[in-house]
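The values are calculated or read from the model by the stated rules, or taken from the named source; none is laboratory data. Values in this document were obtained by computation on a predicted structure and should not be read as measured data. When we count neighbours, we look across all protein chains shown, and the Cβ atoms used for this are built from the backbone with ideal geometry, even at glycine.
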Amino acid sequence: MKVHFVLHETFEVPGAYLKWAQERGHQVTTTKVYENEALPETVDEIDFLIVMGGPQSPDEDRETFPYYDPQAEIELIQKAIKADRYIVGVCLGAQLCLLPMERSMSIVRNVRLGFIL
């Protein structure tokens, strides 16, 4: 399985998710948005997308975090949803994952730590 992590800050590490993937021999790739790395253009090489947390918000302007483009991440998540990929969102990642789904499902109340699709 090809697992791709989207990381927003150096202190928001994949931790147990990364350990899980490595112990099972999955191929792991990352996008470190805090280092201005580009997100994948497609999900063709992704089976499992994990979007981690960070201090940003889904409607953040780029003045505070110039490297953070929430719309680009939402578009990647939309591609993963359409391609029927596994997706996990943690904190900020959960908020970003919910945005493309707002119109297709009722909003889950009191989601605090994450959302699994």
Verdict on residue 19 being basic (Lys, Arg) and surrounded by 14 or more Cβ atoms within 10 Å (Cβ to Cβ): no
Segment 31-60: number of residues that are out of contact with any Cys (no Cβ under 9 Å at 6 or more places or on another chain), in a loop (DSSP other than H, G, I, E, B) and closer than 15 Å to residue 92 by Cβ: 7
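Output the residue which, of all residues in segment 1-12 that are among the β-branched types (Val, Ile, Thr) and farther than 17 Å from residue 94 by Cβ, is nearest to the chain's Cα centre (by Cα).
Filtering segment 1-12 for residues that are among the β-branched types (Val, Ile, Thr) and farther than 17 Å from residue 94 by Cβ, the one nearest to the chain's Cα centre (by Cα) comes out as 3.
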Segment 64-95, subset among the small types (Gly, Ala, Ser), touching a strand residue (DSSP E or B) at 6+ places or on another chain (Cβ under 8 Å) and without any contact (Cβ under 8 Å) to a residue 60 or more places away in the chain, residue nearest to residue 6 (Cα to Cα): 89
Residues of segment 87-111 that turn out to be modelled with pLDDT under 90 and either assigned to a loop (DSSP other than H, G, I, E, B) or in contact with a Cys (Cβ under 7 Å, 6 or more places away or on another chain) (or both), as a count: 10
Qualifying positions in segment 22-39 - surrounded by fewer than 17 Cβ atoms within 10 Å (Cβ to Cβ), under 19 Å from residue 81 (Cα atoms) and of a type outside the set (A, V, I, L, M, F, W, C): 29, 30
Options 11, 65; residue that is crowded, with 18+ Cβ neighbours inside 10 Å, part of a loop (DSSP other than H, G, I, E, B) and on the phi < 0 side of the Ramachandran plot: 65
